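Here the structure comes first, spelled out in structure tokens, and everything after it is commentary.
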Amino acid sequence: MRAIPDEIAAAPRPSSDGPGGATLTRKAMWLILAGLLLALPFLSLPGLYVSDTRDALWLDPTGYLSRTFLLWRSSPFLGHEARDGLAFPMGAAAWLFRTAGAPAWVAERLWHGLLLLAGTAGTIVLVDELTRRREMLAQVVAGLAYSLTPFTFGYGLPTSGAYVAYALLPALLLVTLRGLRRGGIAWPALFGLVVFSMGGGNGAPQVYAVSTAFLLMAWVGVVDRGVPLRRVLAFAVPALVFTLGLNAWWVFLLTTSEVSNALDFSEQPSVINVSSSVSEAVRGLGFWQFYSGDRLGAWVPVARPYVTNPLLIVTGFALPTAALVSAWLVRWRHRLFFLFLAILSTFVVAGIFPVDSPTPFGRLLLVAYDRVPGAAGLRTTYKLGAALNLSVAVLVGVGLAAALERIRAASRSRMLGLRAAAVGGALILVAANAHPLWTGGMYNAARSTEGIPRYWDRAVEALSERNTEHRAYFFPALSSAVYRWGALKEGIAWSSPDLSAVQPIRLPVGTRYGSNLLAAIEHGYAAGIPQDGIAQVFRYLGVKDVVLQNDIDWERSNSARPAQMQGLTGDPQLRPFATFGLPGPAAPEEGTVRDEATRLEGTLSPVEVLTVEDPTSMIRAEAASPVVLSGDGFGIVAAARRGLLDGGPPVVYSATLGPEQLEWLFDDRGASFVVTDTNRRRAWSFSRTLENASYTLSPGQTLGDRPIGYGLFDGREGAETVALYPGLGRITASGYGNRLRDLPQFRPANAFDGDPDTWWLVGALDDPVGHWVQATFEEPRTLSEVAITVPPLGFARQIRLVRLEFSDGTSVTAETPKGASTVVEFEPRRTRFLRVRILALEAGISPEETAVGIADVQIPGLTAREVIRVPTDLLEVARQTEAGLAGFRGVPFTYLFERARTGDPRDRDEEVGISRRFEVPVVGVYELTGEVRLDPRATDEEIDDLVLGPDRPVRVTASSRAFGIPRARGGAAFDGDPETGWVSNGAVGEWLRIEFERRTVGGLTIHTQLGRDRSPIVVVEVTFSDGSTEVGRLETLQDGTIEMEFAPRGTDEITIEVTSVGPARDPTPPVGIDEVEIPGVDPLPVPDAAILACTDGPGFTLDGLAVSVRGRGTVGDLLDGEALPLATCRGNGLTLSASRHELVSAGPLQADAIVLTTGPREDATDATGRSGSPGPPSAPAVRWSSTSEGGYEAQVTGALGPHYLVIGQSFAPGWRASVEGQDLGPPVLVDGYSAAWRITRRGSYTVRIAYGPQRAYAFALVVSGLFLLAIFAAPLAVWAVRRRRR
Amino acid sequence: MIRRVVFVAVHAGSALLLGGLLGLVGSVAATTAWLALGLRASVFWGAAVALMAAAPFATIAQGLPSRPVVGAMFGATHWLAHALATLSLVLAGFAGGMDLMLRAPREEGSDGGLPSVEALPSSGGGSSPPS
């Protein structure tokens, strides 16, 4: 390979691109570039706003900027610290464009054009500086190669707040080079200004940019030694000072709780670097979202062609290849710096790839993220793509410049051809990389909108007027804000900064207590749980209006759907207030399934507003007789649902109490205590709002690197509800459910629970081979056989081969026949665990990658019963008080247990029963109440036992029951009512069996069901108890009656099996029989109106002893699936000793909730009618106003004694309150989320409330302001002094 | 001699750190080739360019997705391109390191100029192995 000759070396000074009009050409270049780069973004989705970074910034920039100087934001959550450093330059630019009259989409395009121009222009001038030549073509190619990349289109412009640093990196390096060469204080100041101009969006890109500049300084001073080290330091130190000073305003924001939440709960390194191989990183890809998507398509469609189009793959690699060629052949001063920068930044962008076995550097990164403060903020390594792309662009640009110089030496005719080829080739590469820009495909159409509909403008206006002292709560919680009319970044509530609102999102916010409470609200209605009492929760939140966003595109937003939101209307204390827009847009697009929910949604107005009856203000006083609740926000919602919070008592989490506070509450004689089965130890996925929590984990258990819970109460184990497996140490698995959503109903414990109806499933959308489930024993056991049952998964793939692995290192391989239980026998061996690993599958007919699993693994002498242990923190703290557990004597005490249900009401529930372990502090009589319903999984026999009693003359069973519907059970075909009937799940092979007292039968009449949704029964085979059979045939499809006459015979059982059905249909509808008539055998009518009888048995036990219970309702209510109040049958309650207890409800009478309560104190009630003797007085009145510093001033009148002042803002240690200058001390956490103070002062007084860290933020703002002032004032001062001297 | 030892050690360490075992293999191979065969830097430059140029074809050869969603495992499944790009950068680093090691201070031209390879002490940008 020959090298580029030396001609260009003899050009030490900047020179132009040849004689004659070069300056003019250069000017023309700038004009053309500016015109093109500013105009080209307008080609993509003209007229559509594309939701760049923050909606409010574009839609209401004045409102957005007006909050720049406030650290605390009351909306759109329950109060949180700001983290946006977008006010400058992005916010300022948006404000300027919008103020000048530009629509939001035009302002966005102008801003994007400016960013492209800044990146391109900066690179051009940087290459000028590096080559000391003012070439044109090479510089333009370098500039465009840097600006027009997949990174720009796929990540940069859609989130341009974090992209400004990218656009200004070339300028920063330019300033660095010039500053090092020329010296003086102006250049370091300019360095700081450039960083200041990068804004504070995100933080990591700025840190990476500054680090790159400092690497350049180190190179120049230490390796290149082109500038004395002293001079380098003379530049670097003041540059750092200016950088920190000027950017103090947003650097401070990096310390806020929002940033730490984002680090804890947003994408983790294993996700960030899942696709960032070196080959993807080096061509500007590797950002994980480029490769990801969901059932609705790719998340970043603009990036897809770079990975799927062979031509673009070749051109994508051509740039780094050309950069290497340039680094090889062209010698210039900083060549090796840019080469090494490109290499280093490629590997940094790759990060911990491959995530399963990272390189030593990847492992170092993981350690650093974990242990070095702030390092986790740099885990989004793709943001160093700026340094990589700039290195490549500079090397390509310099290489092209050298090539053009060489070509210039050739003969004129050859020169023109070569020049055209070189420039043309380079431009083709750049153009290929930039194809979204000139093809108009720069933006994601699915993330855009023409604008917010007028009906929303009217709704927001009305809500703003009504909610000055309250909040408007927006449903549903959003993962992304896609509406039927288009997409926003964050949703309506975010885009209206002046509106006092709550808009739950997927990520925890603030100190996370509020987010946990909002998640509980969201989970409740989405799971179809009745919403009684939810209005009380809204009162705690200071909510006046509840906004149902029925025009949400719930499929794309990954949110609850409007039909589910209608569950909120179930609370009579939420009254309809107004609707906005015309009904209709809630229905999904054409082609989707039009089920009942869809039909309902078609009748809903796009915006529906409910109003809370008697709302409470955000800032208020509450009587000092709290409900002390053991649990979390899910417990508050459950307690409200059960009426335990009626009257609005303050709620205090027991886990926030120390012994002193508890003693104080004992003494206060107004507190009541509620222990719930909430604050479950779960691994969460904060990438979605539903189906985002794992099953309940064992103490200390984790699931990979997923965050455990909301991190409440510092993760104290005693405050958690955990799963225990008596007799077993732990049950673990390599995975469960599928990788897109949590399915706790298919948790590993199901494989060992002795119930073949509950399954461990794994490997959906994946390859299940290699996955395993493991039971670890408390003590080593000797095993010689196990029985394995695989679930009946229909036509889907199933497990065919498994390997049993033991702790002694041995293993046994076994086949698992479809739908059968396999007993695997082997040589006895002693083992600490049994692991069942999937080795091979049997392919199903369905091509889908469905989950496979195990229904049950029976280990002789062992059943892994799952028991949920409720929090123990309250009793632990009570033991530390002077009174000990006796302090609870005479105090209202309640245990509240609810069955865990899944987010999808059509799916299996997480728990099929309630099994709880709890401790009672003092002996007492507890009233048992709650809610039960008929378990859809109950057998026909179990249902008839409940509704007809166990001693009945006829027993009817069937092979299956359609969808588990009780009214479709076998008994419905022998109840004497032709209007009711048995409906199966399948068709041929289904059977119905009737057992009765032995008698002679010589005929039979079967009334089968006909209709569109039934397979007509054509032939049946009837089997008698003596084994004889008869065949019956349907005469005509007009009449479904099958009449059979046969030789009389004695029998006590008739089994009717369907052997043939009418014309085949796909899918085959079920069969049904309305009635069977057996001469001489009386049918068993179901007494619909009869009161349900008591039931005794193993289905409901306390400490292993059966408890007689009943549902308070009729047989008809039960069969209709209604929830019925639970009651005991004997005595007034259950006497519980002061010890540990275990309550189990696992029968066909399925408990949704169980409440054990000592009942109200008998000697007195307080003003709200709640128990409490004598109890503190009612709460005083409060009037309040906001202060300019983001705090509040509250005037309290009529205080008669101790009370809580609740500010309705998320609890944060920084909140401070004072009365007449006297500090009230640190706040306490009340009502599940809010900061509050317990105040004993009487009469009237004024409280000043401020958010403490606001002062530090204000100081940081002042520092930035002073630096800015100094930088601009200093030159003026110098100029003035010089002028005076003259 | 010390410079060469330092260079080899630094490169091997960096290659192992950043590129893992593959990086180390590349580094050892390059060092061996340099010391045993006396290859010049230009050979390593050429190899680095060739490997990078081959990476797109390896990507294509290992299959391009046709589904709407590419899939998060794209990087992992296209291991050959990853390996080629890694080796390319390791060799480019080696070649660049040779250039750096053998370069006297400020030999690459005056401040900001664009000197050619002829300005270097050894024509072609390479160097001979220690004899």
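Shape annotation for the range A:7-445: C-alpha extents along the principal axes are 73, 52, 51 Å, from largest to smallest. In chain A, helical runs assigned H by DSSP with n ≥ 4 each contribute -39500 (n - 2.57); averaged across all residues and rounded to the nearest 500, the mean residue ellipticity at 222 nm is -9500 deg cm²/dmol. With the simple model of a label 7 Å out from the Cα in the direction of the Cβ, A:Thr1187 to A:Arg363 spans 5.4 nm. A straight Cα-to-Cα reach below 17 Å connects A:Lys27 with the aspartates and glutamates A:Asp17, A:Asp128, A:Glu135, residues fewer than 8 places away in its own chain not being considered. Under Stokes-Einstein, with the Kirkwood radius over Cα pairs as Rh, the value for the range A:797-933 at 20 °C and 1.002 mPa s is 106 µm²/s.
Considering only alpha-carbon pairs that sit under 8 angstrom and 6 or more positions apart, the relative contact order computed for chain A is 10 percent.
What share of Cα pairs, in percent, lie more than 18 angstrom apart in the range A:452-618? Beyond 18 Å sits 57 percent of the P(r) for the range A:452-618. The H on the amide N of A:Phe1046, modeled in the peptide plane, is under 5 Å from the matching H of A:Gly1003, each at least 5 residues off or on a different chain. At 7 Å along Cα-to-Cβ for each site, give me the label-to-label distance between A:Ser66 and A:Glu613 in nm. Rounded to a tenth, the inter-label distance reads 3.6 nm. Once backbone amide H atoms are built at 1.01 Å from N, A:Ala1181 has A:Thr1197 as its partners under 5 Å, excluding neighbours fewer than 5 places away on the same chain.
Of the residues A:Ser257, A:Ser279, the one with the fewest other Cβ atoms within 10 Å heads the list, and the complete ranking is A:Ser257, A:Ser279.
Cβ-to-Cβ counts within 10 Å put A:Arg829, A:Arg335 in ascending order as A:Arg829, A:Arg335, the fewest first. Nearest 0.05, what FRET efficiency do A:Asp1026 and B:Arg67 give at R0 = 60 Å with Cβ-Cβ as r? The value I calculate is 0.50. Between A:Ile32 and A:Ser1244, full extension at 0.36 nm per residue minus the direct alpha carbon distance yields a gain of 429.3 nm. Fewest neighbouring Cβ atoms within 10 Å first, the residues A:Lys489, A:Lys383 line up as A:Lys489, A:Lys383. Starting from the Cα-Cα distance between A:Thr782 and A:Ala1274, subtract it from 0.36 nm times their residue separation and give me the gain in nm to one decimal. Length difference between fully extended and current span is 168.7 nm.
For the range A:221-257, the set of trypsin sites (Lys or Arg not before Pro) satisfying both a DSSP loop assignment and a count of at most 15 other C-beta atoms within 10 Å is given as A:Arg225.
Computed from Cα positions, the angle between helix A:360-371 and the longest principal axis of chain A comes to roughly 70 degrees. Sequentially through the range A:30-36, phi angles give Karplus couplings (6.51, -1.76, 1.60; θ = phi - 60°) of 4, 5, 5, 4, 4, x, 5 Hz, Gly and Pro residues having no value and appearing as x. Residues whose amide H lies under 5 Å from that of A:Val628, counting only those 5 or more places away or on a different chain, are A:Val652, A:Ser672, A:Phe673, A:Val674; hydrogens are built 1.01 Å from N in the peptide plane.
Among beta bridges from DSSP that stay inside chain A, the antiparallel ones total about 85%.
Enumerate by residue number the GluC sites (Glu not before Pro) in the range A:814-859 meeting two conditions: DSSP loop (anything except H, G, I, E, B), and at most 13 other Cβ atoms within 10 Å of the site's Cβ. Here the sparse-neighbourhood loop sites are A:Glu848. Just to confirm the number: angle between the C-alpha axis of helix A:412-433 and the first principal axis of chain A, 0 to 90 degrees, nearest 10? Once rounded, the angle reads 30 degrees. Bridging of A:Lys489 to lysines at a Cα separation below 23 Å is possible for A:Lys383, once same-chain residues fewer than 8 apart are set aside. Considering only the Cα atoms of the range A:953-1077, their convex hull presents on average a projected area of 7.1 nm². R0 = 41 Å: FRET efficiency of A:Ser1108 with A:Arg716, Cβ-based, nearest 0.05? Rounded to the nearest 0.05, the efficiency is 0.60. Over chain A, the pair-distance histogram of Cα-Cα distances with 10 Å bins from zero comes to 2, 8, 14, 18, 18, 15, 12, 7, 4, 2, 1, 0, 0, 0 percent, rounded to whole numbers. Placing one equal scatterer on every Cα of the range A:424-487 and applying the Debye formula, the log10 ratio I(q)/I(0) at q = 0.13, 0.17 Å⁻¹ is -0.60, -0.78. Each Cα pair under 8 Å and six or more residues apart adds its separation to the average, and for the range A:726-865 the resulting relative contact order is 35 percent. The P(r) of the range A:1181-1251 has a tail past 20 Å containing 19 percent of all C-alpha pairs. In this rough spin-label picture, where each label sits 7 Å from Cα along the Cβ direction, the A:Asp1223-A:Ala1047 distance is 10.2 nm. Note on A:Thr822 and A:Arg225: the extension gain reaches 207.3 nm, defined as 0.36 nm multiplied by sequence separation minus the Cα-Cα distance.
Taking the alpha carbon gyration tensor of the range A:726-865, multiplying each eigenvalue by 5 and rooting it gives semi-axes of 24, 16, 13 Å, largest first. The three principal axes of the Cα atoms in the range A:270-419 give end-to-end lengths of 60, 39, 22 Å, sorted in falling order.
Among the GluC sites (Glu not before Pro) found in the range A:876-918, those both in a DSSP coil and sparsely packed, with 14 or fewer other Cβ atoms within 10 Å of their Cβ, are A:Glu882. Rounded to the nearest Hz, the phi-derived 3J(HN,Hα) couplings of the range A:1070-1077 under the Karplus curve 6.51 cos²θ - 1.76 cosθ + 1.60 (θ = phi - 60°) are x, 9, x, 10, 6, 7, 10, 10, where x marks glycine and proline. Enumerate the calculated ³J(HN,Hα) couplings along the range B:21-30 in order (Karplus 6.51 cos²θ - 1.76 cosθ + 1.60, θ = phi - 60°), each rounded to whole Hz, writing x wherever the residue is Gly or Pro. These are the phi-based 3J(HN,Hα) values: 4, 4, x, 5, 4, x, 5, 5, 4, 5 Hz. Between the beta carbons of A:Asp646 and A:Asp370, assuming R0 = 56 Å, the FRET efficiency works out to 0.75 to the nearest 0.05.
The numbers here are math on the coordinates, done by the rules we state, and not lab data. Predicted model, so just to flag it, every value in this text is computed and none were measured. Here Cβ is always computed from backbone atoms with ideal geometry, including for glycine, and neighbour counts include all displayed protein chains.
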